[in-house]
Amino acid sequence: SQTTLAVDNRKFPAGFKFGVATASYQIEGGWDEDGKGENIWDHLTHVSPDLINHQSNGDISCDSYHKYKTDVALLKELGVDFYRFSLSWSRILPTGYIDGGINEPGVAYYENILDLLEENGIEPMITLYHWDLPQPLHENVGGWLNETTVDIFANYARLAFDLFGDRVKYWVTFNEPLSICQQGYETGGKAPAISDNPGVDLYICGHMVLKSHAAAYHIYDKEYKPKQKGKISIVINTNWAEPGSDDAKDVEAAERTLQFRFGWFANPIVHGNYPQVMIDRIGNRSVQEGFTQSRLPQFTDEEVESIKGTYDYIGLNHYSTSLIKWREDIEIGEPSSSKDMSVQESIDFSWETSASYWLFVVPWGMRKISKWVKDTYNNPEIIITENGYSDAGGILDDDRRINYIREYLSSLLEAIYDDEVNVTGYTAWSLMDNFEWFRGYAEKFGLYSVNFTDPERPRTPKASVDYYKSILTTRCLVEECTE
Ligand SMILES: O=S(=O)(O)CCCN1CCN(CCO[C@@H]2O[C@H](CO)[C@@H](O)[C@H](O)[C@H]2O)CC1
């Protein structure tokens, strides 16, 4: 396997921004406090606790609903340029609907955070949806399987722009539509954990999320951008897909993997419509499976045009890499998106592991995926909106996280200077240890550790805090920087 060369000693470009990220359900707690409504993660962790490691949940988590002043103090201590966080839809709109009433204490919570960020010279980057759908929208409307949710989301987005937009210059509509739809509606790996209609529901979800994203984009672009002058886009995640050999069939399988995982959402938004390889493969298999129409929903020509161009930058979440090899098309049977894609995915056993089964340390993948996004989507502004390393916790001297950040950023410098990729920012996941979805509190991604057994939820800096501080100060990765 390829290893990165010596750590790059070039400085990040002037104006390049460094931040950290969190998400509402993962840090806030206060799950039913001050009028907040129930969301699908509250519901799932309460009704099906066995799905979550140690039956943990986010009822309290880091208790950031009460400790946001402490959180902003940590951000100030770190010296970040920006803070990426998400709004809890059901804290602002308890029923999910506007006419269900606005929850003022919920609005105040986010206004207080924005006030403190402003006072401390830290730029906010707000994600509208980081997986915590109001439960009534799932129960009564079918959530992302129903077209009705598109307008309901658009109304929520407009409210957020109204309430907070005068102070927010970077918006994200959706975090990781691949995770929302494939794990939420096929593998069962995320709420609402629907897995009884594989190969079908996830594509309906993707269709609705793309329409919702475009609706929110156009609202911002027409009604708010002229006076608020911010940027809005979506955050898409993918591993880098490295061909398992230079055999043309492996190269094609790797490209197909990127098209199914990243292109699923990036192609409609940048070029218009789904990737042709998805239209073809899912269409062909659907016919063989006896469907009267493709399992991949079809956009009308107007929808293709309406979704195309709905990005002011590309948000990229990148953590790891996969080796991809060609395989015979999997025989026709129960449909699934992995059968539609039909590749062999593996890893190189020399790659360093982490506490997350899917996260291997492969720094050169950062350069490759960044260059692929540049080459495939007309050289857009790219912001790395998440990148980070997990351990099992109890480690304050987190030298493996320091190594991960240094090597991934070194690879990013090569993308910026040698491949001329227009990357303008990097966001470390995460500010602090938090609720890692089905893995509960077993996997720690924080620069600050959180003691979840202490009711005060104390935050303690790990060694990576000093390392990230040094990068924020010197804008480079080693002692001796070149210009
Ligand atoms: O279908 S399964 O569930 O069997 C397979 C899942 C494999 N991965 C897990 C990690 N995720 C990207 C990272 O997910 C991101 O990174 C962080 C660390 O995980 C999360 O805490 C953030 O909320 C999330 O934005 C992509 C999907």
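The values are calculated or read from the model by the stated rules, or taken from the named source; none is laboratory data. None of these values were measured; they are calculated from a predicted model. We place every Cβ from the backbone using ideal geometry, glycine too, and count neighbours over all the protein chains shown. We work out accessible area using only protein heavy atoms, side chains counted, and drop any ligands, DNA or RNA first. Shrake-Rupley method; radii C 1.70, N 1.55, O 1.52, S 1.80 Å.
Data overview
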item: Percent RCO, i.e. relative contact order, over the range 54-187, from Cα pairs under 8 Å lying at least 6 residues apart; result: 27
item: Radius 10 Å from Cβ of VAL478, net charge of other residues (Lys, Arg +1; Asp, Glu -1); result: -1
item: Per-residue [θ]222 nm for the chain (sum of -39500 (n - 2.57) over DSSP H runs n ≥ 4, rounded to 500); result: -11000 deg cm²/dmol
item: Mean Cβ count within 10 Å, highest first, over the residues of peptides 391-398, 146-153, 425-432, 214-221; result: 425-432, 214-221, 146-153, 391-398
item: Residues THR473 and ASP348, FRET efficiency given R0 of 35 Å [Cβ-Cβ distance, rounded to 0.05]; result: 0.50
item: Dipole in debye (nearest 20) - the range 26-100, about Cα centre, beta carbon charges: Lys, Arg +1; Asp, Glu -1; result: 260
item: Three-way shape label, the chain, alpha-carbon gyration tensor, a/c 1.5; result: rounded
item: Backbone HN-Hα couplings from phi across the range 410-419 [Karplus 6.51/-1.76/1.60, Hz, Gly and Pro as x]; result: 4, 5, 5, 4, 5, 4, 5, 8, 8, 9
item: Charge dipole of the chain about the Cα centre (unit charges at C-beta), most positive-ward option of ASN317, SER61, ILE279; result: ASN317
item: Tensor-based shape of the range 125-191 (alpha-carbon gyration tensor, a/c under 1.5 rounded, otherwise prolate or oblate); result: oblate
item: Per residue, in Å², the accessible surface of the range 255-367 once ligands and nucleic acids are set aside, probe 1.4 Å; result: 43
item: Pairs of alpha carbons in the range 330-424 whose separation is greater than 23 Å (percent); result: 44
item: Aspartates and glutamates whose Cα lies under 18 Å from that of LYS76, excluding same-chain neighbours fewer than 8 positions away; result: GLU111, ASP115, GLU118, GLU119, GLU123, ASP433, ASP466
item: Cβ-based net charge around PHE299, under 14 Å, with every Lys or Arg adding one and every Asp or Glu removing one; result: -3
item: About the Cα centre, charge dipole magnitude for the chain (Lys/Arg +1, Asp/Glu -1 at Cβ), debye; result: 760
item: Amide H contacts of ILE236 (H built 1.01 Å from N, under 5 Å, at least 5 apart or other chain); result: GLU176, GLY315, LEU316, ASN317
item: Paramagnetic label zone (point 7 Å from Cα along Cα-to-C-beta, ALA193; backbone N under 13 Å) in the range 125-157; result: none
item: The range 214-275: translational diffusion in µm²/s, Stokes-Einstein, Kirkwood Rh over Cα pairs, 10 °C, 1.306 mPa s; result: 115
item: Rounded to whole Hz, the Karplus (6.51, -1.76, 1.60) HN-Hα couplings of the range 44-58, x for glycine and proline; result: 4, 5, 7, 8, 10, x, 5, 6, 9, 3, 6, 6, 6, 8, x
item: Cα-based shape type of the range 21-127, given that a ≥ b ≥ c are square roots of the gyration tensor eigenvalues and the cut on a/c is 1.5; result: oblate
item: Relative contact order computed over the range 1-63 (Cα-Cα under 8 Å; 6+ residues apart), in percent; result: 37
item: Taking all pairs of distinct alpha-carbon atoms in the range 349-483, Kirkwood radius in angstrom; result: 15.9
item: Length-normalised contact order for the chain - Cα pairs under 8 Å, 6+ apart - percent; result: 19
item: Lys/Arg +1, Asp/Glu -1 at C-beta; the chain dipole; positive extreme among SER411, ASN175, ALA428; result: SER411
item: Residues ASP221 and ILE98, FRET efficiency given R0 of 25 Å [Cβ-Cβ distance, rounded to 0.05]; result: 0.75
item: Listed residue pairs exceeding 18 Å between alpha carbons, taken from LYS169/LYS190; LYS17/LYS308; LYS169/LYS222; LYS69/LYS227; LYS36/LYS225; result: LYS169/LYS190; LYS17/LYS308; LYS69/LYS227; LYS36/LYS225
item: Signed unit charges on C-beta, dipole axis of the range 91-142, positive-most listed residue TRP131, LEU117, GLY101; result: TRP131
item: Span from the the range 229-297 Cα centroid across to the the range 188-224 one, whole angstrom; result: 16
item: About the Cα centre, charge dipole magnitude for the range 318-449 (Lys/Arg +1, Asp/Glu -1 at Cβ), debye; result: 120
